[in-house]
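A.B. asks: Quick one: this structure, given as C-alpha cells, is what I'll be asking you about.
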C-alpha cells in the first residue's frame with residue numbers, strides 16, 4: 001500500500017510540476033495529510049464570485065465515481081467486466097482538470113471542484129456568493145454506462161470524488177467556453193443559471209422539483 005501510494009503521488013507531482021518539500025515523520029495508523037500552496041498573478045475564480053444571470057457549467061460526467069465505489073464494495077456479478085473496469089477506473093483514478101482550469105480562467109467567475117458531490121459544491125457557490133442557483137435536471141451530464149444501469153439524478157448530484165470543475169460564467173462567454181471544450185475534447189455542459197435569492201433548486205420540463213433525496217459528504221460528521 002505505501003509503495004503504491006508513493007508511486008501514484010510521484011506521478012501527480014511530476015504531471016503538475018509540484019515539489020514535495022516536507023512531511024510528517026511520525027509513525028502510526030495510516031494518516032495522509034498535505035497542504036498545497038501557490039500564488040497567482042492573474043484572476044482567481046473564487047466560489048464567492050458568482051453573479052446574477054450567469055450560466056452554470058460542469059465539466060466531464062458525474063455519478064461514475066459513486067458507481068465505481070459500489071462495484072468495489074459489493075462486487076456485482078451481473079455487471080460486465082469491462083463496465084466494472086470503467087467505473088472502478090473512474091473512482092480510483094480521477095483526473096484533476098488543472099490544464100482545463102488554466103484555459104478557462106479568463107472566461108469564468110466562480111469555480112469549485114466536485115469532490116463532495118455536485119449538489120454540495122453548488123450549495124457552496126450559492127452560499128458564498130449570496131445567490132440562488134437553479135439547475136435543469138435534464139442537462140446533467142452522465143456517461144452512457146451510467147445511463148444504461150438506470151441510476152438517476154439523485155446519485156449523480158450526490159456522488160462526489162469526480163474532481164470535475166463546477167463554475168459560473170457570463171452568458172457572453174458561452175461560445176468561448178464551447179471552443180475550449182472542443183479543443184480539449186472535454187465535455188463542458190451548461191446545466192443552469194444564477195439568480196437573485198439563496199440556495200439551490202432544480203427543475204425538469206420547466207417545473208420545479210422538490211422531492212429529490214440528496215446526500216452529500218459532510219466533513220467531520222462523525223465527530
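A.B. asks: Go through (1) surrounded by fewer than 19 Cβ atoms within 10 Å (Cβ to Cβ); (2) within 24 Å of residue 12 (Cβ to Cβ) and name the single condition residue 165 misses.
C.D. replies: Condition not satisfied by residue 165: (1).
A.B. asks: For residue 34, which of the numbered conditions (1) closer than 27 Å to residue 194 by Cβ; (2) over 17 Å from the mean Cα position of the chain (by Cα); (3) at pLDDT below 95 fails to hold?
C.D. replies: Checking residue 34 against (1) closer than 27 Å to residue 194 by Cβ; (2) over 17 Å from the mean Cα position of the chain (by Cα); (3) at pLDDT below 95, the one that fails is (1).
A.B. asks: Here's something else I'd like to know. Does residue 140 satisfy the criteria of being modelled with pLDDT of 95 or more, under 16 Å from the mean Cα position of the chain (by Cα), closer than 30 Å to residue 77 by Cβ and surrounded by fewer than 21 Cβ atoms within 10 Å (Cβ to Cβ)?
C.D. replies: yes
A.B. asks: Quick check on this structure: which one of 189, 158, 201 is touching a strand residue (DSSP E or B) at 6+ places or on another chain (Cβ under 7 Å), touching a residue at least 60 places away in the same chain (Cβ under 8 Å) and closer than 25 Å to residue 98 by Cα? Full working, then the answer.
C.D. replies: Details: 158 fails: touching a strand residue (DSSP E or B) at 6+ places or on another chain (Cβ under 7 Å); 201 fails: closer than 25 Å to residue 98 by Cα.
Residue meeting the stated conditions: 189.
A.B. asks: Mind checking which helices (runs of 4 or more DSSP H) fall wholly inside segment 60-116 and carry at least 2 residues that are over 20 Å from residue 45 (Cα atoms) and within 17 Å of the chain's Cα centre (by Cα)?
C.D. replies: The helices (runs of 4 or more DSSP H) meeting that bar are 64-74, 81-92.
The values are calculated or read from the model by the stated rules, or taken from the named source; none is laboratory data. What you see is a predicted model, and the numbers here were worked out from it, not measured in a lab. With ideal geometry, Cβ positions are generated from the backbone for all residues, glycine too; neighbour counts draw on all protein chains shown.
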